[in-house]
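The values are calculated or read from the model by the stated rules, or taken from the named source; none is laboratory data. The structure presented is a predicted model; accordingly, all values stated were derived computationally and were not measured. What goes into the accessible areas is simple: the full protein's heavy atoms, side chains included, and nothing from ligands, DNA or RNA. Shrake-Rupley method; radii C 1.70, N 1.55, O 1.52, S 1.80 Å.
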Amino acid sequence: MDKNISIALKIVGFVLIIIGTFIPLYEVAFDAVSLSGEFSDSEGLIFQLFGARLDVQQLTFIGIDTEGNTINEVQALFRPTQMASAVVLLSAALWFLIVFAVLFAILGQVFQSGGFRERGIFSDITAAILLLGALIVSIVAMNNGFNIISEDYRMRVDGNQAFSLNPITFNPNEENPAYFNLTFIGKFAPGFYVYIIGILMVVTSLFLPIDWEKPTSSTKLRGLGETKVFQKIKNILTMRLSVYITRRLLTLIPLFIAICVMTYVMVNGMGDPVALILLGKPRATEQDKINITRSLGLDQPVYARFVLWFYKLLHFDMGNSYRSERPINEMIGELIWETLKLQLASFFFALLIAIPLGVWAAKNQNTWIDSFSSTIALLGLSMPIFVFGLILIFIFSGLGLGWLPAAKAHRVPTPVVITGEGFNIWWVTFWERSLDSILHMVLPTIALTFTFLALYTRLVRSTMLEVLRQDYILSARANGLSERTITWKHAFRNVLIPIVTYVGLFLAFALAGAPITETLFTWPGLGYRYVLAIGYLDFPMILGVTAVLTILILIGNLITDIVYVAVDPRIEL
Amino acid sequence: METTRVTFTAKLDKYMFEHRLPKSMIWAGFLVICAYYINDGFTAIKRLFGAKETIIITKDGTLRERSPSQWSLVWKRYSKNKVAILSGSLVLITILIAIFYPILMPFGPVGTEPLFDAWNGGGSTTRPNIKYPAGTDILGRDEFSRLLAGSEVSLTVGIFSSILSLLIGVTLGALAGYYRGWTEEVIMRITDMFLALPFLVIAILAVSFIQRGTLEFLRQIPQSVVIIIVLGVFGWAGLCRLVAANTKQIYNLDYVNAARVLGASNKRIIMSHILPNIMAPIIVLGTLAIAGGILSEAGLTFLGLGSPTTVSWGQMVNEAQTELKLNPELALLPGFAIFFVVLAFNLLGDALRDALDPRLRE
């Protein structure tokens, strides 16, 4: 059979699936809600029902008064367990299944065009299984109306109606959730049938008997295939590097999910944050406990909480901190800059010292220079960073010479005497703050530089020795080039390869190693706040920091691998 | 209180009275028994200490001298290196201290009797003197005894976490390198996952989950075992990659093919043909992992994750932070203890690398 048919079926099928997911798949049936009705507020004014808004904890009915001017809202509480564990779970599951199915189908295409027949078939079968899973989930969603039970709404009882809820585009945790137009759609859900047709088309296309190596029979298409653009696309698709990158990207997603599951389970077993929050309250009752547990969403089962958290994470929302009640996004955004400032400065200084030192040591092997550099490297590797930091504090801070501050960074008091207006005030405070920040940075930067210096001196020295032993260095020497040209032009450029590829890994290493230094110098960065959050049982903060760090490390690893392959042509994939 | 001269047995009695068994002794005994069973009992000891025939009979019936074994060559190279001997003896002394510290230390590491001995130089946060060679800490415990006792936790954590990660890493790495295909794919993906974890952050999380979590049975585990498990479980990934790569390299060599042709089973090929030949980097990495384990343990307890009843150097630094101005030695002495032990293990690792495989140098 021709492979055009299969590709066309796949494309059309996926378009149908995506269209189907944006048409409402199932409806939320209310117990007894008149959608064209009226309601009255506490003062007795009567409002016409205009719309309803769904939130995690509550359902809000919006009404217009008889003159059509003022808008009033009545909130109806409902049991949030049904909300999170049913709607969100199903929609998130659908989302995952569809995304993975698309990825696997594309990968199957790439593999089979590249000649990896078995792997292609495996990817196709996986995509088919995922799509069938999505089908089952959508059928479950169709058959279970989610009955949301209103507890104290003041509505007139007037028959059963429903409004539609889309599982893909629905996000109950947005700041301004979408207004749902209340329309009666009955038992017919057109999106479902479009969806089924799309899935069936894709599954059929996956199992068609196709000889992928045979050229297409259509001469027109073959003529099209010889145009430049298609040639280029074909070249990119069949290149080993692109297959490699696609594979790596695909493995990243399950890796990330697995790490998230692990951290989530561990964090949720860490203790009871509600008890810790209630510690500060005098005369806390059982009802307070229940209220706080509910408002934090801790009354729901762990799997539902995980799915909700992960779903929100994909929408770049990591919840609010239990402690300061600020959004985690904002907090991490501020803190990560503080951490990076420290780490990047020390990384820069470490490279500045390590490269000349390592090269110098390698050039003068087995002399005092070599032993000096390896001694420094050994000291840096063996010294715990907090001990070196303590020594620095004893020498330079108020305990010793009193030159530099050791703690209380970023706590500049507001200026008492104001000497100017506008720009001058801004400049004075800005200058004071910058100076304060830089002064506080000095000691932690020295401590971190010492550790990084050890790693990089060793790396540069061993790579340089390896390079200097190569034949092309010998031939360069035989050709009479100067030693300086050989060192910096011929040898050093090859030393740069491992250094450049280590930068991606470095970022991850540095960010993960931050807690100890930052705790010692009470630097207000990611690591220090992380350790504090562990003490406060601030679940969203802990989860947010681990998730962000994991993403950074995964991306760093990916970039490292790609750069490594791209820079060094000797490596085979 | 009369503490002029306490006899050896009395000290041990007091020790047992405080219900604090010298765990390091148990661990050491456990190690010896393990080594005994793994190496087929007496044959290993005989091979180590027994005299060997220097002249052997070959198959032809002629006599010739026994060629020097690999380990004797390694020992020859090792003993030439002065730094190696120095670091080796340092490590040995530390291990001896960690095993026999109950006999050496003058006071109990958790007892507070120096607090009530103010007239004889005791009390809280005193300067070092003859009776209390490193002073006393804020609760009136003898710092010198605590320094000696802290070596136990550091070394057990370092050595056993290294052994645990070696066990996991070498097993998985050898399997992945030998049985290619799906086995390798699955193991390497798991390895990728563990490599992608932000190590210290996850270790903090795991330790506080085990020690202060809601699961009762996990909270029963003593602190050093918790840290051993966490460091071992999260630290094997790099080793696994190395072993897998080396196994792959050796897999296609001629002598492995010859063994396969002769009908050797997979298990035999892995155990007696592949593993002994990749032993050198494994031993070196294992020694360096001990140093890393000690550092990580110190870091974790420095952050205040240890239990206050366990004597650990990192925790001593953490507790001394409030006394930095008046008693700097309380923070600096345990800090330098960590530094010297880690330095000794790092030097030992380098020396072993030079001795085991001269090609690995540089």
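Remarks
- Top of B:Phe107, B:Phe217, B:Phe144 by mean-square fluctuation, Gaussian network on chain B, Cα under 10 Å: B:Phe217
- Among B:Arg219, B:Arg268, B:Arg141: highest mean-square fluctuation, GNM of chain B, C-alpha pairs under 10 Å: B:Arg268
- Alpha carbon centroid spacing (whole Å) that separates the stretch B:69-120 from the stretch B:244-262: 41
- Kirkwood Rh, angstrom, the stretch B:82-356 [1 / mean 1/r, Cα pairs]: 20.7
- Listing of the stretch A:268-286 residues, each with accessible area lower by at least 50 Å² in the full protein assembly than in the chain alone (probe 1.4 Å): A:Gly269, A:Met270
- Within the assembled protein chains, the solvent-accessible surface assigned to A:Val442 is about 50 Å², based on a 1.4 Å probe.
- Relative contact order computed over the stretch B:82-356 (Cα-Cα under 8 Å; 6+ residues apart), in percent: 24
- Mean separation of Cα contacts under 8 Å (6+ apart) over length of the stretch B:53-209, as relative contact order %: 13
- Of the complete DSSP H runs in chain B, those spanning 30 angstrom or more by Cα along the long axis with a mean Kyte-Doolittle score not below 1.6 are B:82-104, B:279-302.
- Total buried accessible area between B and A, probe 1.4 Å, nearest 100: 3900 Å².
- Volume in Å³ per residue [convex hull over Cα atoms, computed for the stretch B:304-360]: 99
- Taking every protein chain into account, the 1.4 Å probe leaves B:Cys240 with about 0 Å² of accessible area, to the nearest ten.
- Within the full protein context, the accessible area of B:Ile270 is estimated at about 20 Å² for a probe radius of 1.4 Å.
- For B:Thr136, nonlocal amide neighbours, meaning residues 5 or more places apart or on other chains whose placed amide H falls under 5 Å from its own, are B:Thr125, B:Thr126, B:Glu143.
- Across all Cα atoms of the stretch A:424-504, the radius of gyration (one decimal) and Dmax (whole number) stand at 20.9, 66 Å.
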